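Input: a single structure, listed below in structure tokens.
The values are calculated or read from the model by the stated rules, or taken from the named source; none is laboratory data. Predicted model, so just to flag it, every value in this text is computed and none were measured. Glycine gets a Cβ as well: all are built from the backbone with ideal geometry, and neighbour counts include every protein chain shown.
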Amino acid sequence: MMTESDGETATLFPRAARLRNLTYSAPLYVDVTKRVIKKGHDGEEVTETQDFTKVFIGKVPIMLRSSYCTLYQNSEKDLTELGECPYDQGGSSGQYIRATLPYIRTEIPIIIVFRALGFVADKDILEHICYNFSDTQMMELLRPSLEEAFVIQNQQVALDYIGKRGATVGVTREKRIKYAKEILQKEMLPHVGVGEYCETKKAYYFGYIIHRLLLCALGRRAEDDRDHYGNKRLDLAGPLLGGLFRMLFRKLTRDVRSYVQKCVDNGKDVNLQFAIKAKTITSGLKYSLATGNWGQANAAGTRAGVSQVLNRLTYASTLSHLRRLNSPIGREGKLAKPRQLHNSQWGMMCPAETPEGQACGLVKNLALMVYITVGSAAYPILEFLEEWGTENFEVDVNTEVGVVRDIRLKELRIYTDYGRCSRPLFIVEKQRLLIKKKDIRALQQRVRSCKCKVKSTEAYSDTYTHCEIHPSLILVFVLSSSFPDHNQDTLAYVLYYPQKPLVTTRAMEHLHFRQLPAGINAIVAIACYSGYNQEDSVIMNQSSIDRGFFRSLFFRSYRDEEKKMGTLVKEDFGRPDRANTMGMRHGSYDKLDDDGLAPPGTRVSGEDVII
């Protein structure tokens, strides 16, 4: 049912809902029983019951030709009179496809986005989405979206529609159109192109995205696995700093523009020393690196814990910390899939090295031979493809470029972006390794040719084309020690007497475990002794402890600096005198020298002041 402005109600048919841009829905009613239990003076319970029938609780969308639809079991003549196609099988509930654009508050219908890009005719839009017009199922899925955007048949109107939903609401129509153009040119799909004359490329890529979505909705392809490492990218130091610098540079340009505008309005000369605030970039980068909060201070969307203090306990702990991954997922999340091992992580992430507790499975470590791409320019590949097309050539591909041949979707995908995990593997042809002993000898003689290939996570298939170099390469640095199947100790200290391990692995030789040892060869006996070593208890030999067994030390640094507060107040290091000094803290100042510092080698305790 629908209610007109004059209060009259009428039956809502699908055609009227399409033309008037209404939701084809039906009211939902429930019967409510109110039961009140009271206690009388004599202690007996008295129940009062009141029934409310047909209480409206909301509206539910109705699927066409379903049992609740007004077209249900109508004849072909009745359907024609109602403006419906008698051959339409129904089965749809008017699902609209909308897109989210940067800096736009609401979702925008996809057809309006195409018209804002300059493709006005329905046929031109459908050519970018549906590659076969005889595919009636896909065309039917696009019909509600076409009908939704029927009222907008002009590029300028579509741009104004997008601009009204942006941050600059209330300005003139020309400014709204200009704002929408900038969003589409600079912010929408920036990897395809930024600036003018990129609308055609963006329309093809936007249509390709919608085409894959429709294939998934029709059940012709599986949903993308969010946990597959081929669909993930790692943010390294370079891109993170680049994104932060871009944000701070935009703030700097906005401040300069505001200052210049004020000077023009007031008729003053522009002074670059006042216009450009160098502290904006310097302080912004320093703030993020010092606190770990990546983004502007007190701004929304700031990520915490991006930069961390490097662990320097041992050489192995430093290498482990440098190759650690932190998933941007809340530690309180109850989803199990992001924490579990995925088959695409084989050889890329260590299956054993992860912390306990809330961060289990979310903090991972890169395996030994994993290489993360830093990204390369795509224009040489685009120029080559535009010049030679799909002709057969044998070319050398570097480790930065990934090529995936997808037979099921009939696609050839080429990746040049940063943050992709890759690792070296031996090439296998006809169940035999291509690499021979002569190739290894040539490698030892520093010859660069090798029967080896770097494989990324996007290129995994069901056929055997490659061979592992060594099974231990799926582990991380810390687990590459001897006997990795035994539990590792959770703590590591700076030892007085580190020893070279008696048993080593191949990886330990390349990780400098002999040059930088971090342990002691202990003689351990697993035995019972009067119950004192039950549970996790350990009985230590007193004589071995006296000889320095696992003796360690730790360092703690205290720092301060002399500050100048204003023109009159200045801080100085010195030995204070209680007679003429106010606000002295409780403690012993006896071990301070004349320069206000404790001399090197002085034995101090908790009550001693050292600065």
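For the range 114-127, which residues satisfy the criterion of being surrounded by 14 or more Cβ atoms within 10 Å (Cβ to Cβ) and closer than 12 Å to Leu146 by Cα?
Phe114, Arg115, Val120, Asp122, Ile125, Leu126
Determine, yes or no, whether Ile520 is of a type in the set (A, V, I, L, M, F, W, C), surrounded by 10 or more Cβ atoms within 10 Å (Cβ to Cβ), at pLDDT 80 or above and under 30 Å from Pro351 (Cβ atoms).
Considered against the rule, which asks whether it is of a type in the set (A, V, I, L, M, F, W, C), surrounded by 10 or more Cβ atoms within 10 Å (Cβ to Cβ), at pLDDT 80 or above and under 30 Å from Pro351 (Cβ atoms), Ile520 comes out as yes.
Could you list all residues from the range 181-230 that are farther than 28 Å from Arg165 by Cβ, among the aliphatic types (A, V, I, L, M) and touching a helix residue (DSSP H, G or I) at 6+ places or on another chain (Cβ under 7 Å)?
Leu218
If you scan the range 201-224, which residues turn out to be of a type in the set (D, E, K, R) and outside any loop (DSSP other than H, G, I, E, B)?
Across the range 201-224, the qualifying residues are Lys201, Lys202, Arg212.
Of all residues in the range 322-350, which are touching a residue at least 40 places away in the same chain (Cβ under 8 Å), under 27 Å from Val309 (Cα atoms) and outside any helix (DSSP H, G or I)?
Within the range 322-350, Arg323, Arg324, Leu325, Met348, Met349, Cys350 meet the criteria.
Check Val428, Val447, Val397 and return the single one that is at pLDDT below 80, of a type in the set (A, V, I, L, M, F, W, C) and under 30 Å from Asp227 (Cα atoms).
Val397
Out of (1) out of contact with any strand residue (DSSP E or B) (no Cβ under 7 Å at 6 or more places or on another chain); (2) touching a residue at least 60 places away in the same chain (Cβ under 8 Å); (3) not assigned by TED's automatic domain parsing to the domain that holds Ala116, the odd one out for Arg246 is which?
(2)
Any residue at all in the range 85-94 that's at pLDDT below 75 and hydrophobic (A, V, I, L, M, F, W, C)?
Scanning the range 85-94, I find at least one residue that is at pLDDT below 75 and hydrophobic (A, V, I, L, M, F, W, C), so the answer is yes.
Evaluate the following for Arg20: is it within 30 Å of Ile177 (Cα to Cα), modelled with pLDDT of 80 or more and among the charged types (D, E, K, R)?
Spelling it out, it is not the case that Arg20 is within 30 Å of Ile177 (Cα to Cα), modelled with pLDDT of 80 or more and among the charged types (D, E, K, R).
Here are Asp255, Asp269, Asp235, Asp227: which of them is in contact (Cβ under 8 Å) with a residue 24 or more places away in the chain, more than 30 Å from Ile129 (Cα to Cα) and assigned to a loop (DSSP other than H, G, I, E, B)?
Step by step, each of Asp255, Asp269, Asp235, Asp227 is checked, and only Asp235 is in contact (Cβ under 8 Å) with a residue 24 or more places away in the chain, more than 30 Å from Ile129 (Cα to Cα) and assigned to a loop (DSSP other than H, G, I, E, B).
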